[in-house]
Each structure stands twice: as structure tokens, then as C-alpha cells.
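Sharing a structure here in C-alpha cells format.
The values are calculated or read from the model by the stated rules, or taken from the named source; none is laboratory data. What you see is a predicted model, and the numbers here were worked out from it, not measured in a lab. Here the Cβ positions follow ideal geometry from the backbone for every residue, glycine too, while neighbour counts run over all protein chains shown.
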Amino acid sequence: MTKAIRDTLINALASGNFVSGQQLGQTLGVSRTAVSKHVKVLTEMGLDVFSVTGKGYKLAQPLTLLSKKNIENQLHKSKQLNLIEVHQVVDSTNNYLLRKITDQGDDELKQGQVCIAEYQSAGRGRRGRQWVSPYGSHLYLSFYWQLQQGMSAAMGLSLVIAIAVSDTIHQLYNINVQLKWPNDIYINGEKFAGILVDLEGQSSGPSHSVVGIGINVNMPVASAREIDQPWTDLQKHCKQTIDRNELCAMLIKNLNLRLLEHQEQGLTSMLVQWDDQDFYLNKAVNIITGDRVTPGICRGINHQGALLLEVEGIVKVIYGGEVSLRGAN
């Protein structure tokens, strides 16, 4: 599907009203059969489109699209100057920013530059897992942050981002979330957000980080069937309709604040908040590294962002990498 046809179809359907196939065909300059094929592609992208003979096509619910202008206006009110890009479709928002580092040179990206997309055709989670990314339903946002002190400054970065997400959700919706080391965020024990940190550069000298954040806002029924773990979304816990543009702007503001705090003070000032929201603190857990399972008790994190695991009375320090934390049960 060409970008122009896709965008025209989505804009026509976004109001939630019926749109006739004949009218769409005339607008697009294609046959009604071609319109039907294009609508099928939209459903494969996660849009819940249905048809009624004699009436046409309709979204199950109205769609408020992300707006670069809206987000920028909200950011400017709080004196945030991030460079924002909003895309309809990308492979992944992290990949989009990473390509600007590796292909176009360091000067192409600005500190705090943001890529947001309505849909990811190849959204990534941690350890190469797929991140289910239905169109226009959730928030897919990546944030560029140069590490002036080199790769060592990346220690605990995913925890800083998790705290910024927590700040945002509490400020906007008065919801207290739980944090799971190293990169998951829960509501009432169910995952609704995840973090992916990609790093580029050398161990010494300025390096690059791209932080990807995926937040379930309003999960379509069809997309929910693709998820193989307990999940929830924000809309289930909010009485008001979630405004994704407002959510984007507030999240970007809090990312700016927390990343600057981390740059100047490290994790020290955030440890108390992490402990207060640590989902597994003082609980029996399993650390999974490849095929190896290490049982223990979670004792929180240290000032570097490493997990503290008590095994047979001895506290061990567990760093990131190909490591997963799971409840013992």
C-alpha cells in the first residue's frame, strides 16, 4: 500500500463514521475491490475496521492521531525544546534513530531527539522479542541521549527511564505503577510498558544511547491474542479517554528531567523511589541466564542499577545483559 493511499484511508476512517467504499474509491482513484484490499492491509496493521453492506467501512471506535504540532505546543509551554518526529509507519522507532547515528554521522541527531510512530512493522522488545504494535492504539517512542562519559554512563539507564514513565503515569492519571528490573513496568502485577536501550560507541569517550519505550494505551482485541504473557493497558485503569498526544508530551518532559538528574547525580537520588515501587523487592525470584536458573530473594538495586540477589544468605550483584528476572512461582 502506498503511503498516500494509506494516509487518506486512515484520515477518512478516523472519525469513527461510516465511509462508503464507492466514495473512498473515487477519492483514491481506485476500484472498490482495490479499496477492500487496502482496508484489509489496515486490519493487518491492527486497525479494527468492519464493513456493513450499503453503509461502507467504519472503525470500531474513533481514532485520534498523533500530532507533531500538538505535542510540540505542549512541550513549548513547559520550555522543553526537543526535536520531534512523528511517523505513520516505521520498522521500529529505535532502528530509525540508530540509522541516523550509523549512516548519517553524529551531527545528524540532537540531544533529546524523539521519534514517535503510529505503527511499527518490526517493533522490538528486549532479547530480540517482538513488540506487538497495532496502529494508533499505543505509544511507541524512542529518545536519543548522548552519553558524555562513555558507556559506563549507561549503567542503570533503563531504570531511570522506568522512573520517568512512572512519574508520567502518576502525574496524568494518579496511578501508582510497579517497576520490574531491568525494563518492565506493571499495573497491579500486569505488564503495560517495556523499555529497550540500544547503545552505540566505544567504552571510553562520548557514546550514544537510543531508549525505546512501548506503552499499551488501548489494546485492540485482535492484537491481544498475539501476546503470550499477562498484560494490561492504561485505558482499563482510567475513566477518561487517554490523550496520546498529552501522554507523549508529559513523558518527553519527564525523560528530560530524569536523564539530566542521572547525568548529574547518578541513580542515588532515585533509589528510594525505585524501592517503593519495586515489584519483586524482598520476594522469592528466579534469575534466568540462558538455560541456567538461579533462585534467590530480590533485595532491590544498588547505586549502579544492578540487581541485588540474596542466595543462601549471601547478596550477589547481578548486572544486565541476557538476564531475565521472574517470580519464583
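Go through 308, 260, 267, 271 for me and flag whichever is over 24 Å from residue 207 (Cα atoms), assigned by TED's automatic domain parsing to the domain that holds residue 182 and not acidic (Asp, Glu).
Exactly one residue qualifies, and that residue is 271.
While we're here: Output the residues belonging to segment 292-306 that are among the aliphatic types (A, V, I, L, M) and under 27 Å from the mean Cα position of the chain (by Cα).
Listed by number, the residues that qualify are 301, 306.
Also: Just to be sure, is residue 320 under 24 Å from the mean Cα position of the chain (by Cα), buried (at least 17 other Cβ atoms within 10 Å of the Cβ) and on the phi > 0 side of the Ramachandran plot? Full working, then the answer.
Values: under 24 Å from the mean Cα position of the chain (by Cα): yes; buried (at least 17 other Cβ atoms within 10 Å of the Cβ): yes; on the phi > 0 side of the Ramachandran plot: no.
When the stated conditions are applied, residue 320 does not pass them.
Something else: Being closer than 23 Å to residue 66 by Cα, assigned to a helix (DSSP H, G or I) and of a type in the set (S, T, N, Q) is the filter here; which residues of segment 1-40 pass it?
Result: 8, 11.
So which of 317, 293, 210, 272 is within 30 Å of residue 46 (Cβ to Cβ) and of a type outside the set (Lys, Arg)?
Numbers: 317 fails: within 30 Å of residue 46 (Cβ to Cβ); 293 fails: within 30 Å of residue 46 (Cβ to Cβ); 272 fails: within 30 Å of residue 46 (Cβ to Cβ).
Only one candidate passes the filter, namely 210.
Shifting gears a bit: Regarding residue 74, is this residue assigned to a helix (DSSP H, G or I), surrounded by 12 or more Cβ atoms within 10 Å (Cβ to Cβ) and in contact (Cβ under 8 Å) with a residue 12 or more places away in the chain?
Spelling it out, residue 74 is indeed assigned to a helix (DSSP H, G or I), surrounded by 12 or more Cβ atoms within 10 Å (Cβ to Cβ) and in contact (Cβ under 8 Å) with a residue 12 or more places away in the chain.
Just give me the residues in segment 1-40 being touching a Pro at 6+ places or on another chain (Cβ under 9 Å) and small (Gly, Ala, Ser), in sequence order.
14, 15, 16
May I pose another question? What number of residues within segment 81-95 satisfy the criterion of being surrounded by fewer than 18 Cβ atoms within 10 Å (Cβ to Cβ) and either aromatic (Phe, Trp, Tyr) or within 22 Å of residue 259 (Cβ to Cβ) (or both)?
Going through segment 81-95 one residue at a time, the tally reaches 3.
Provide a single number: the residues in segment 187-202 that are under 17 Å from residue 100 (Cβ atoms) and among the acidic types (Asp, Glu).
Counting residues in segment 187-202 that are under 17 Å from residue 100 (Cβ atoms) and among the acidic types (Asp, Glu) gives 2.
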